[in-house]
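Reading through the structure tokens given below for one structure.
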Amino acid sequence: MPGSSADGSGGPGGGGGGAGSTGGSGAPVRVAVVGTGSIAGIHAQSLAALGGRAEIVAAADLDRERLDAFCEQWRVPGRFTGLDELLAQARPDLVHLCTPPGLHREQALVCLAAGVPVLCEKPPTLSLADLDEIAAAERAGGAFFATVFQHRFGSGAARLRGAMASGALGRPLVAVCHTLWYRPDAYFAAPWRGRWETEGGGPTMGHGIHQFDLLLAVLGEWREVTAVAARLARPTAAEDVSCAIATFEGGTVATVVNSLLSPRETSYLRFDFEHATVELEHLYGYGDADWRVHPAPGHEDAVAAAWEAGPSGQPSGHSAQFAAVLDAVAAGAAPPVTLAEARRTLEFAAATYASAFGGRPVARGEIGAADPYHRRMQGPGAPWPPEPASPAPTAAVSPEETSR
């Protein structure tokens, strides 16, 4: 809801902690990292920045060379090529899933069945059906499932929610959420990228989801989506651009654009309230300086006072969310972002595809268990040939690109 808690946490969860749970004792949380590609390095670096609050005790990957390199770099003692073996021997308090999206469902179910909480990279699953299966396992097993949506956790987002709660900004009326990124053809050479069965979709699922998750965390429950999606230029089975018009329960109207075709890259959010415009422009993460506030005439003092009253100094990023997650795991509470919160964001993505491919508005809650868009994001199929052209040779993809 608008003005929700600064940590972005959602509704209630079940019990918690793996076999080696800290139980609030003050000992470091024992973390296992599953998948040791580029994003795993960001997880390790972000945990290290928290000053000994967590210890990576084990890692798993089918690629032994990559696993060894990760463990050597981050001094991880436990090395495994199987998840079951890792859980049985390392007994972690928390598992970080850093694997491709197509593996998240199966791996999360294994962890939850073992009573070990999961922190999963985005998107949490390939479909609402998969996420609902994880929700059932969470309820049955007592361990929690949380998703990495780190943009909720910067001080700028907390400051915005606080200013909204104060009433100084007035009602949110119009919003813009644009993820305009650029990925060359070579980006799709990785066999799991751009394929519905392994990534779940294109920039709507894998790129813009961070920005529109923050949009939803600020504006609350969305009501309806009308969208278009297209494959215009990239050798991908999924879309390379989508655009949605969304309405919210409070009446706010927002545009959401997700693109991999934009040479001047930017991540841009704008909120037009009755009494102020608040803008955020960054690329892969923001700090306080990336926010701008423009009061409406006659509201300068009230808006400035509400904005200055908020927190400062915390950039968005994995470390910010991880600190909140470690607090929750140590306390046996539901870590943010909870499964219920993540489902709202994933449902927005599913509605974008359902509207774009079905040529009609899609309301929140409309995609039920019998709907093809509940089982897979492309529903009965995208309106273009399933097999893209082979990637053309281009410049190498940067490490930053390979992590997202």
The range 51-160, dipole about Cα centre (Lys/Arg Cβ +1, Asp/Glu Cβ -1), debye to the nearest 20: 500
Between the range 333-393 and the range 203-243, the alpha-carbon center distance in angstrom: 9
The chain - percent of accessible surface contributed by carbon and sulfur, probe 1.4 Å: 54
Rounded accessible area of Glu197 (nearest 10 Å², 1.4 Å probe): 120
Farthest toward positive dipole pole in the range 300-377 [+1 Lys/Arg, -1 Asp/Glu at C-beta], among Gln321, Ala304, Leu346: Leu346
Simple Cβ-charge dipole of the range 207-276, Lys/Arg +1 and Asp/Glu -1, about Cα centre, in debye nearest 20: 320
Where the chain is the region considered: accessible area per residue in Å², 1.4 Å probe: 38
DSSP H segments from the chain that extend 20 Å or more along their own axis, Cα-based, with Kyte-Doolittle mean of -1.0 or above: 339-358
Computed log₁₀ I(q)/I(0) - Debye formula, equal Cα scatterers, no solvent, the chain, q 0.07, 0.12, 0.13 Å⁻¹: -0.31, -0.95, -1.11
For the chain, with +1 on Lys and Arg beta carbons and -1 on Asp and Glu, the positive-most of Ala158, Gly359, Gly170 along the dipole: Gly359
Mean-position separation - Cα centroids, the range 286-332 and the range 64-92, in angstrom: 36
q = 0.11, 0.13 Å⁻¹: log10 I(q)/I(0) that the Debye formula gives for the range 34-193, counting C-alpha atoms only: -0.57, -0.76
Long-range HN-HN contacts of Ala296 with modeled amide H, under 5 Å: Ala276, Thr277
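Quick one: Cα convex hull volume of the range 182-304, Å³ per residue? Kindly include the intermediate steps, with their values, before the conclusion.
Values: hull volume 15.5 nm³, N = 123.
Hull volume normalised by residue count: 126 Å³.
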The range 363-368 - phi-based ³J(HN,Hα) in whole Hz, Karplus 6.51/-1.76/1.60, Gly and Pro as x: 8, 4, x, 6, 7, x
Nonlocal amide H pairs with Leu173, under 5 Å, H built at 1.01 Å: Asp272, Phe273, Glu274
Size of electric dipole in the chain: Cβ of Lys, Arg +1 and of Asp, Glu -1, about Cα centre, debye, nearest 20: 200
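The values are calculated or read from the model by the stated rules, or taken from the named source; none is laboratory data. Owing to the predicted nature of the structure, the values given are computational and were not obtained by experimental measurement. We place every Cβ from the backbone using ideal geometry, glycine too, and count neighbours over all the protein chains shown. Calculation scope for accessible area: heavy atoms of the full protein, side chains included, ligands and nucleic acids excluded. Shrake-Rupley method; radii C 1.70, N 1.55, O 1.52, S 1.80 Å.
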